[in-house]
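Undergrad: Mind looking over this structure? Questions follow.
The values are calculated or read from the model by the stated rules, or taken from the named source; none is laboratory data. As the structure is a prediction and not an experimental result, all values here were calculated from the model. Quick reminder, even Gly has a Cβ in these numbers, built from the backbone with ideal geometry, and neighbours come from all protein chains shown.
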Amino acid sequence: MSTRRPASTEELSAILAEASTSATPVIMVGGGTGLAGATEPDAGEIVISTDHLTQLGAVDPVTAQVTAGAGVTLASLNRHAREAGFEFPLDLGARDSATVGGMAGTNAGGALAWRFGSMRQLVAGVEAVLADGSVIGSLTGLSKDNAGYSLTGLLVGSEGTLAAISALRLSLVPRMDSRATALVKTATIADAVALMAHLRSNCPDLIACDFVHSRALRLSADRIAVRPPLPSEDGWFAVVELGAPSGDLLPQLTSALESANRVVATAIAADADQRAAIWKVRDALTEACDATGNEHKLDIAVPVNRLAELETAIRAAIESTGGSQDDAMIWGHLADGNVHLAPLFGLAGDDQLELKILEAVSELEGSIAAEHGVGRDRLELIGLSRSDAELKAMAAIRKALDPKGILASGRAVPR
Ligand SMILES: Cc1cc2nc3c(=O)[nH]c(=O)nc-3n(C[C@H](O)[C@H](O)[C@H](O)COP(=O)(O)OP(=O)(O)OC[C@H]3O[C@@H](n4cnc5c(N)ncnc54)[C@H](O)[C@@H]3O)c2cc1C
């Protein structure tokens, strides 16, 4: 294995042209925070790190767009955008390390995705290098451009199998300086879904509505020694946030929560510290599960109105494989029907449990790879979410763009 660190599109192009000539496999690595096992290199693979592709252009206030090198982290992009009065409306716990290239690779989502879209909606253009070294794409950021296929749309979410992204044109929104945040408890997941629908109808400024089961909330809060503002007895907790450029959002949030049914308890953050505490507990979930020694998680999605059925199926699968319900950590993004699951007793070593849950997801017409990508971890099971004809079409695209099969071999999509 060797690591290369291009600092420009030209250097990236030269590395790929050379790899193509010698038919040497390569993988792209951004922050390495991906959760689908994609960036672990095989012997003989060239690792192309984007950590020198960190150019950031000036924010264009007219288009509300910015051009960023693939290796720019989410946190530095947002610092840069904020200085100009804008922000990039996608957030995730790995913000300090995750790069915009990697986020485009996985079509990352996160807490704000239901409102502003995942990466595919936020990437206005890419510049990328094909397996043979040729450069494609555009960073002009045209919002209307139907001259042929959308190569940007194709490359976002392709997990480095079709091209190496060197730079991106990204859409921004005006900086949301005003926020109102609450932790809301409901008895069941169906009640949490009803709460989300109520808030969506009554809060025009709603930007996030995540959910956490009480056991996961306790694990995370204990890990970082932060006390959540509500007692974490059994139930479901919604992390709710409103955001807007200005104005007091508390009356909007308070009145919507007062008129919500089936709410057990509510804690509205009174200041920035309380708001940060709620998000800290939410953001530490992945790390808290990893700290138990089980780094394997499921990232699944079902239609939102089937979340309760999914919970029943998860519990039944755990029961039938002899696991403990107490050790099932469940959280996710409510409005997207996107669930993260880490049963701390298994999954990593329990293929039976994983298969049962993913089969249930398939029966519920969901996705076995919602926002973290397929990587290596879910490659064998991709047929639960895609038909044979779809997989054939994907393999044909892959072969057309990378005939020698040097890009991200053994990951994301069967060849
Ligand atoms: C604490 C924590 C919280 C997280 N929360 C979320 C969340 O809420 N939502 C979410 O979607 N994800 C989440 N993730 C997962 C992860 O942060 C995302 O998948 C992110 O998109 C990965 O970015 P990265 O730069 O680390 O990519 P990497 O892990 O380096 O790579 C990810 C994939 O993209 C490919 N790739 C990388 N760079 C390029 C490039 N320049 N061109 C083409 N392909 C490339 C890689 O080959 C790989 O397949 C979380 C991870 C952690 C650790």
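Undergrad: Could you check, for the stretch 143-162, whether at least one of its residues is in a strand (DSSP E or B), in the same structural domain as Ala64 (by TED's automatic domain parsing), within 11 Å of the ligand (Cβ to nearest atom) and buried (at least 16 other Cβ atoms within 10 Å of the Cβ)? It would help to see each step written out before you state the result.
TA: Keep residues of the stretch 143-162 that are in a strand (DSSP E or B), which gives none.
Scanning the stretch 143-162 turns up no residue that is in a strand (DSSP E or B), in the same structural domain as Ala64 (by TED's automatic domain parsing), within 11 Å of the ligand (Cβ to nearest atom) and buried (at least 16 other Cβ atoms within 10 Å of the Cβ).
Undergrad: Looking at the stretch 46-91, which of the residues that are touching a Lys or Arg at 6+ places or on another chain (Cβ under 7 Å), within 16 Å of the ligand (Cβ to nearest atom) and part of a helix (DSSP H, G or I) is farthest from Ser2 (Cα to Cα)?
TA: Only one residue tops the list, namely Ala75.
Undergrad: Answer with yes or no whether Ala256 is modelled with pLDDT of 95 or more, out of contact with any Phe, Trp or Tyr (no Cβ under 7 Å at 6 or more places or on another chain) and not in a loop (DSSP other than H, G, I, E, B). Give the steps one after another, and end with the answer.
TA: Numbers: modelled with pLDDT of 95 or more: yes; out of contact with any Phe, Trp or Tyr (no Cβ under 7 Å at 6 or more places or on another chain): yes; not in a loop (DSSP other than H, G, I, E, B): yes.
So Ala256 fits the description; yes.
Undergrad: Of the conditions (1) more than 11 Å from the ligand (Cβ to nearest atom); (2) under 21 Å from Leu242 (Cα atoms), Arg120 satisfies every one except a single condition; which number is it?
TA: Only one criterion is unmet by Arg120, namely (2).
Undergrad: Restricting the search to the stretch 196-227, which residues are out of contact with any strand residue (DSSP E or B) (no Cβ under 6 Å at 6 or more places or on another chain) and assigned to a loop (DSSP other than H, G, I, E, B)?
TA: Once the filter is applied, which keeps residues that are out of contact with any strand residue (DSSP E or B) (no Cβ under 6 Å at 6 or more places or on another chain) and assigned to a loop (DSSP other than H, G, I, E, B), the stretch 196-227 yields Pro204, Ala225, Val226, Arg227.
Undergrad: Next up: Restricting to the stretch 375-404, what's the tally of residues that are under 24 Å from Asp132 (Cα atoms), touching a residue at least 40 places away in the same chain (Cβ under 8 Å) and either in a loop (DSSP other than H, G, I, E, B) or among the small types (Gly, Ala, Ser) (or both)?
TA: Step one: of the stretch 375-404, the residues under 24 Å from Asp132 (Cα atoms) are 375-376, 391-404.
If we keep only those that are touching a residue at least 40 places away in the same chain (Cβ under 8 Å) too, we end up with 375-376, 397-398, 401-404.
Narrowing the set further to residues that are either in a loop (DSSP other than H, G, I, E, B) or among the small types (Gly, Ala, Ser) (or both) leaves 375-376, 402-404.
Of the residues in the stretch 375-404, 5 are under 24 Å from Asp132 (Cα atoms), touching a residue at least 40 places away in the same chain (Cβ under 8 Å) and either in a loop (DSSP other than H, G, I, E, B) or among the small types (Gly, Ala, Ser) (or both).
Undergrad: Of the residues in the stretch 81-108, how many are of a type outside the set (Lys, Arg) and within 19 Å of Thr50 (Cα to Cα)?
TA: Here is the first cut: in the stretch 81-108, the residues of a type outside the set (Lys, Arg) are 81, 83-94, 96-108.
Retained after the next criterion (residues that are within 19 Å of Thr50 (Cα to Cα)): 94, 96-108.
The total comes to 14.
Undergrad: To continue, here is another question. Contact list please: Cβ distance under 7 Å, first residue in the stretch 264-290 and touching a residue at least 24 places away in the same chain (Cβ under 8 Å) and buried (at least 21 other Cβ atoms within 10 Å of the Cβ), second residue in a loop (DSSP other than H, G, I, E, B) and among the basic types (Lys, Arg), pairs at least six apart or on different chains.
TA: Cys289/Lys297
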